[in-house]
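S.K.: Structure below; questions to follow.
The values are calculated or read from the model by the stated rules, or taken from the named source; none is laboratory data. All figures in this text were calculated on a predicted structure; none of them were measured in a lab. Cβ sites come from the backbone with ideal geometry, for glycine too, and all protein chains shown count toward neighbours. The area values use the complete protein model at the heavy-atom level, side chains included, leaving out ligands, DNA and RNA. Shrake-Rupley method; radii C 1.70, N 1.55, O 1.52, S 1.80 Å.
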Amino acid sequence: MVVDDHPMWREGVARDLTEAGFLVVATSGEGRQAIRVAAAARPDVVVLDLQLPDISGVEVVHGLRAALPDVRVLMLSASGEQQSVLDAVKAGATGYLVKSTAPAEFLDAVRRTADGAPVFTPGLAGLVLGEYRRLAAGTGSGSGSGPADGSEPGAPRLTDRETEVLRLVAKGLSYKQIAQRLGLSHRTVQNHVQNTLGKLQLHNRVELTRYAIERGLDD
């Protein structure tokens, strides 16, 4: 699904996606309408502009995640300001690209977003990881002090391989990089991540990254 208030841009993105083999189930130019339409169309990925005429893209992310907890949201915005990026990710966006991104990079980002990988314009991934580390450092003796494998009382236990994959997720590695590092297939890495998400009751790799960093797994 493509959400952008500029008709020519919205139609162009939808056309590029269709030509690349994606099924565009809906488009919208307003935030509230987008939330209603998405609830009915049930897209796997929403490509969302940050600036909309009625409500902000961040509010739309909240609404989309409330209606469709498993939806993946890729922000596509003219703004690369740090606060805009952090607000979007905290709301539940899976990734964030600026509109100057090359078409081929954008299409690859949509594919990776569909796989659950966090995708950011170069330079923004470090910003997001840095913010999560800052937040984790502020937890003091809270959740960040628990055992690294999630074995604090009542917590689901991860396998050694799941913990190993989680450590690499926390370092910001892609599925492909993790697969190469561990000598596994791309699909096997995806399965480990999905199993870990299910055990920890998290929704995407962004939340998983924060969980891992809070437990010191990015060291």
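S.K.: Within region 63-91, which residues are open to solvent by 60 Å² or more (accessible area, probe 1.4 Å), more than 13 Å from the chain's Cα centre (by Cα) and within 22 Å of Thr121 (Cα to Cα)?
M.R.: Within region 63-91, Ala78, Glu81, Gln82, Gln83 qualify.
S.K.: Take Ser100 and decide whether it is open to solvent by 60 Å² or more (accessible area, probe 1.4 Å) and among the small types (Gly, Ala, Ser). So that I can check it myself, show each step before the final result.
M.R.: Working: open to solvent by 60 Å² or more (accessible area, probe 1.4 Å): yes; among the small types (Gly, Ala, Ser): yes.
Judged against the criteria, Ser100 is a match.
S.K.: Let me ask something else about it. Among Val46, Val58, which is among the aliphatic types (A, V, I, L, M), closer than 15 Å to Arg10 by Cβ and surrounded by 15 or more Cβ atoms within 10 Å (Cβ to Cβ)? Quick ask: steps written out before the conclusion?
M.R.: Details: Val58 fails: closer than 15 Å to Arg10 by Cβ.
Going through Val46, Val58 in turn, the sole match is Val46.
S.K.: Taking the stated definitions as given, is Leu197 open to solvent by less than 70 Å² (accessible area, probe 1.4 Å), at pLDDT 85 or above and closer than 17 Å to Ala117 by Cβ?
M.R.: Working: open to solvent by less than 70 Å² (accessible area, probe 1.4 Å): yes; at pLDDT 85 or above: no; closer than 17 Å to Ala117 by Cβ: yes.
Here the answer is no, as Leu197 does not meet what is asked.
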